[in-house]
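Inspection log for the structure reproduced underneath, given as structure tokens.
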């Protein structure tokens, strides 16, 4: 069986969860006897693809330069179709949402839907943000759709009225972060801290976490809040901090690679995940794999991933966020319990399992 993954996400993402997922999936598939896998990305900017097994990649890495993004995307899309047709695939897996398939053929086309964030939280995106409409087009024409959580499947059924038989839930895996011996103290000093990872805009609810942290004299007096990734704190975020009476020494930002992130997980008193909505949510798994207690929202897919291994709160209630963080940080027994539960929980999620469940659907469709 010959499987093709199209170029879409690799012409858009240099790094990112979706391109990491497709690379991991293709890599696992390539190890299965009788399965021929190609990621057809004639021109791409993706670092994961740059480092992938060359046997499964058709295309060239190009540097991302100012004002070239649209050109790279358009050229890659145009070339993807002709290259794919020559390969005569048995199945095409579209890597993102397009109005029309890049690889036009009569073979089954499948799609992964990651979340319905644009539909659930339209105010977090500009009025001209096209993803929701493109997603609708892609969903309507796909022969089968993979959902990365039951929550995504439910949202998709509710918002697009799709029949159950067209949908399959395949949970993601996660990659073990490199442990290089780097110590968190080198990055943030010796004071204890709470860790926040990932985006901070809108539905990510970073402002809710700031308010909860500021509302507790005990938390803000004994712990710093360390934010990793998503760029430096914005002027609006610094303004909110000032309005809440928080200083630049209490809330700090750290950037960098996975080695730094691993060190911060290992050194944190707890990892807090305040998001109001996630299609899946890999950071809690990363935290659990590195013995960091998880305190998280009780909404969307997050309980599916975390299970009984987290301390939950209502992300819409500042007092709930504050109380849950205090409850964990004031109890060494609860922290140790969460660490032990987390070690076992994260074993349930792997790219190998994700690929096995995905392949079963491929084989059924390609008969």
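Things to note:
- In the chain, Cα pairs under 8 Å separated by at least six residues give a relative contact order of 15 percent.
- Neighbour-count ranking [beta-carbon atoms within 10 angstrom, fewest first] of 160, 109: 160, 109
- Under 16 Å from a label point set 7 Å out along the Cα-to-Cβ vector of residue 140, no amide N atom of the range 1-35 is found.
- When 312, 48, 273 are arranged by Cβ crowding within 10 Å, least crowded first, meaning fewest neighbours, the order is 312, 48, 273.
- Principal-axis tilt of helix 258-267 within the chain, Cα atoms, nearest 10 degrees: 30
- Estimated FRET transfer efficiency when R0 is 41 angstrom, pair residue 242-residue 165 (beta carbons, to 0.05): 0.15
- In units of the compact-protein estimate 2.2 N^0.38 Å, the chain shows a Cα radius of gyration of 1.03.
- For the chain, the longest principal axis of the alpha carbon atoms and the long axis of helix 206-215 meet at an angle near 10°.
- Across the range 275-299, the residues whose backbone nitrogen lies under 19 Å from the label position 7 Å along the beta-carbon direction of residue 314 are 275-278, 295-299.
- Pairwise label distance in nanometres, residue 218 with residue 125, each label 7 Å out on the Cα-Cβ vector: 4.1
- Centre-to-centre, using Cα atoms only, the range 34-56 and the range 296-326 are separated by 37 Å.
- Note that the range 184-348, at 4 °C in a medium of 1.567 mPa s, gets a Stokes-Einstein diffusion coefficient of 83 µm²/s from its Kirkwood radius over C-alpha pairs.
- Spin-label model distance (nm) - residue 150 vs residue 331, 7 Å beyond Cα toward Cβ: 2.5
- Label-point separation in nm, residue 60 to residue 232, each point 7 Å along Cα→Cβ: 3.6
- Counted by neighbouring Cβ atoms within 10 Å, the residues 84, 105 run from fewest to most as 105, 84.
- Rounded to 10°, Cα long-axis angle of helix 318-329 versus longest principal axis of the chain: 80
- GNM flexibility winner over the chain from 164, 336, 286 (Cα, springs under 10 Å): 164
A short reminder: the numbers here are calculations on the coordinates, not readings from a lab. A quick note: this is a predicted structure, and the numbers were derived from the prediction, not measured. All Cβ positions, even for glycine, are placed from backbone atoms using ideal geometry, and neighbour counts span all protein chains on display.
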